[in-house]
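*Asks:* Once you've had a glance at the structure underneath, I'll fire off some questions.
The values are calculated or read from the model by the stated rules, or taken from the named source; none is laboratory data. What you are looking at is a predicted structure, and each value in this text was computed from that prediction instead of being measured. Ideal geometry is used to build each Cβ from the backbone, glycine not excepted, and the neighbour counts take in all protein chains shown.
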Amino acid sequence: MARVSMKVDGVVYEDHVEPRTLLVHHLREKLGRVGTPVGCDTSNCGACILHVDGESVKSCSVLAVQADGADITTIQGLDGGEGTDGAWHPVQTAFQEHHGLQCGYCTPGMVMAAVDLLRTNPDPTEDEVRHGLEGNLCRCTGYVNIVKAVLSAASELRGQGAHRGSFQDAAPAQAQPAGARA
Ligand code: FES
Ligand code: FES
């Protein structure tokens, strides 16, 4: 077993894990972050995307021990930013308003990838959105409404004059005992 410490959605957790444990399994099975789904066993679908130190990562392609010391944001820790009192992130709101989901299985990964895309490219073209999300597969929507949602969120975020990225931007970390639950 290996000792790992990571901040997840603003809370620091310390645990012992098998060295072969994938990050997504650690988050789901040990830390209760079941909002991050597993959609494939080939690292192709993108459903498991979350943010590690602010950047999109497929959490099924990373070992938990590789995330030791990392600052992780899952879909469960994403919010609208400072002063929004836990409201949805504009990307989440846009997915709802533009019907960017059907079964919802791909949605956590889509949202997290889109937030990172808009952080690095605040004013993307439709092609850039499609290219930016090409690592995320959706079997339901045909992508049209997902692209609409991301472009709408980009406009909303530009209107706000700031990018509300991740929980870690808004809330200070609070140390918890080993194996702490949110
Ligand atoms: S579950 Fe990670 S890419 Fe499919
Ligand atoms: S909404 Fe069902 S897989 Fe995307």
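For (1) within 15 Å of the chain's Cα centre (by Cα); (2) over 29 Å from D15 (Cβ atoms), each residue gets a yes or a no:
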{"position": "S59", "(1), (2)": "yes, no"}
{"position": "L63", "(1), (2)": "no, no"}
{"position": "T73", "(1), (2)": "yes, no"}
{"position": "D79", "(1), (2)": "yes, no"}
{"position": "T84", "(1), (2)": "no, yes"}
{"position": "H89", "(1), (2)": "yes, no"}
{"position": "Q92", "(1), (2)": "yes, no"}
{"position": "E97", "(1), (2)": "no, yes"}
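*Asks:* Here is a follow-up. Can you tell me which residue is surrounded by the most Cβ atoms within 10 Å (Cβ to Cβ) among those in the stretch 59-80 that are out of contact with any helix residue (DSSP H, G or I) (no Cβ under 8 Å at 6 or more places or on another chain) and either outside any helix (DSSP H, G or I) or free of Cβ contacts under 8 Å to residues at least 40 places away in the same chain (or both)?
*Replies:* Out of the qualifying residues, it is A70.
*Asks:* Here is a follow-up. Could you list, in sequence order, all residues of the stretch 81-115 that are within 15 Å of ligand 1 (Cβ to nearest atom) and touching a residue at least 40 places away in the same chain (Cβ under 8 Å)?
*Replies:* Y105, C106, P108, G109, M110, M112, A113 - these are the residues of the stretch 81-115 that are within 15 Å of ligand 1 (Cβ to nearest atom) and touching a residue at least 40 places away in the same chain (Cβ under 8 Å).
*Asks:* Hey, among A113, A94, which residue is within 26 Å of C45 (Cα to Cα), touching a strand residue (DSSP E or B) at 6+ places or on another chain (Cβ under 6 Å), modelled with pLDDT of 90 or more and not assigned by TED's automatic domain parsing to the domain that holds S59?
*Replies:* Answer to the check: A113.
*Asks:* Check off (1) in contact with a strand residue (DSSP E or B) (Cβ under 6 Å, 6 or more places away or on another chain); (2) among the β-branched types (V, I, T); (3) within 16 Å of ligand 2 (Cβ to nearest atom) for V4 and give me the number that stays unchecked.
*Replies:* That leaves (3) as the condition not met.
*Asks:* Enumerate the helices (runs of 4 or more DSSP H) found wholly within the stretch 123-173, keeping only those where 1 or more residues are at pLDDT 95 or above and hydroxyl-bearing (S, T, Y).
*Replies:* Ranges flagged: 144-160.
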